[in-house]
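One structure below.
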Amino acid sequence: MGNVVSIQCGDALIGRCWDCVAGQALYVCQLEDNLQELETARDKLRELSNDVMRRVKSEETPQTVQLDRIGGWLSRVDATITEVDSLLNRATLERQKLCLAGCCSKNCKATYMFGKSVSRSLKHVVGLMSEGDFKEVVERTLPEPVVVGNVNPTLGTETTLDEAWSYITGDEVRIVGIYGMGGVGKTTLLTKINNRFATISNNFDVVISAVVSKDLKPEKIQEQIWKRIGFLDKKWKKKSLRDKAEDIFHVLSRKKFVLLLDDIWRRVDLVEIGVPLPTRQNRCKIVFTTRSCRVGGQMKAEKMIKVEPLAWEEAWALFQEKVGHIDFDIVPLAQDVAKECSGLPIALITIGRAMASKITKEEWERALEVLRSPASSLPGMEDEVIQDMEVEVFVRLKFSYDGLPSDKVKFCFLYCSLFPEEFEIEKDDLVHYWIYENFCARNEACSIIGTLVRACLLEEKGQHVKMHDVIRDMALLIVCKYEKEKHKFFVEAGAQLTRVQRLENGKYQSGCP
């Protein structure tokens, strides 16, 4: 035990350990230096905290989450800085106390306690700064097993859906193809397959959906896949096709996945994209839709399922739903019109909406007359340009186009075909484009969008609209064959052209895709 000294303080004689007295004096003597160091350390800690928060903000994506230890550290930093600020605000008062006489007075004791708090806070700040050297601030979260898609309920797909589901969940088939003519409901069926994974227990880690389309671009497919399983950012977009493929393979090779590819027109090189080929060992599955059964062979599908048009009862029910009330005496004519749609959901929907405002027999008889017109009687229908599209579908969908209320509305509809296939167009952007092109004013533009949505020629998705791929084909064919003398279109989706290309004969290319 250290030596004991007696200290006279007022009328009291206090016995104190010399070591304790020396320790108290040290806190008081070093107070000024410690205050300066504490202020500097506080500023550095605040700067470090701001750097960490900016780093978290820059690295956070829908597929990442801030690490718990980062949140805890930031909370401790906030509390410590608040405490330090309070101590520094008291510093002036404590300095004044040091000038008072009587080193063992109550003022001296309070100053000692303050000096001790400053020293302790300084050590705490230095410790927090050493903890703030984080190698990682976020972690990638596992994606949701399936993202449910929005789909209109359609009758007549249950049997085909059950058949496809049996192959997907079975062990014998790894690649399944779904084929059928445009507008028959292949995309709807694929979306229902996707949604079923959310309601029925299964052993798959993740279900991934991607749209391929006619203008096959591997990078576009890669982005859709990576957005689902990783972080799609500007840095990743700048990577080469090969590097992206390696990233995708690295993730998917460790998962049991289902890949749903919609609207394939020719072989998709899965290896080039980075998708591991399904095997009995990895038990992964690939399901795709196509208009041509021939593509099934190119994709090495082990099972091809054909989507047939709706049976009459289902077709009539869908048509009635879209038309609304039909007077009793018009029902026979309405049924004949519905039969002309050949059970194709897209035709039943668009023509049903087009006939919703028709209330006289003459209007329905005229509609039936138009729909029964042979395709060969329509100008240009025999041309090879339309070989990629079913003539029957085109004839029926053009009926809805012809029923639009004005040439201005028709032209605004055709304008939408300038966007890439399956592209979701923001409504405000479309309005601004039409205004800039001097088509119409803002209110009229919004009204036209509503007209096209109600006619089922545009699909509405929140603040966006898009064209069904078959509708877009129809629009481009109208531009090429029917409206080419009125409007000059040049469509080469995704080519990033800044000027119209010339042909060898010196003429500009037309609006044909």
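Quick look at the values:
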| item | result |
| --- | --- |
| Length added when fully stretched, Asn438-Asn50, from 0.36 nm per residue minus Cα-Cα | 134.8 nm |
| Calculated FRET value between Thr159 and Ser292, using beta carbons and R₀ = 25 Å, to 0.05 | 0.65 |
| Those aspartates and glutamates that a straight Cα-Cα span of less than 19 Å connects to Lys322, excepting residues fewer than 8 apart in one chain | Glu313, Glu314, Asp336, Glu340, Glu363, Glu365, Asp402, Glu459, Glu460 |
| Computed lengthening from Ser75 to Cys446, 0.36 nm per intervening residue step minus Cα-Cα distance | 128.8 nm |
| Stretchable slack from Lys256 to Asp429, in nm (0.36 nm times residue separation minus alpha-carbon distance) | 58.3 nm |
| Low-density loop cleavage sites - trypsin sites (Lys or Arg not before Pro) in the stretch 261-358, where at most 11 other Cβ are within 10 Å (DSSP) | Arg280 |
| Set of lysines with alpha-carbon distance to Lys116 below 22 Å, sequence-local pairs under 8 removed | Lys44, Lys97, Lys106 |
| Cross-link table Lys227/Lys300; Lys192/Lys306; Lys186/Lys398; Lys358/Lys398; Lys358/Lys461, entries beyond 23 Å C-alpha to C-alpha | Lys227/Lys300; Lys358/Lys461 |
| Too-long pairs where the Cα-Cα distance tops 22 Å, listed order kept, from Lys220/Lys244; Lys214/Lys408; Lys57/Lys237 | Lys214/Lys408 |
| Neighbour-count ranking [beta-carbon atoms within 10 angstrom, fewest first] of Ser292, Ser130, Ser58, Ser201 | Ser201, Ser130, Ser58, Ser292 |
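Taken together, the values in this text are just the output of simple stated rules run on the coordinates, not laboratory data. For clarity, every value in this text was computed on a predicted model and none was experimentally measured. Because the Cβ atoms are built from the backbone with ideal geometry, glycine has one as well, and the counts that use them run over all protein chains shown.
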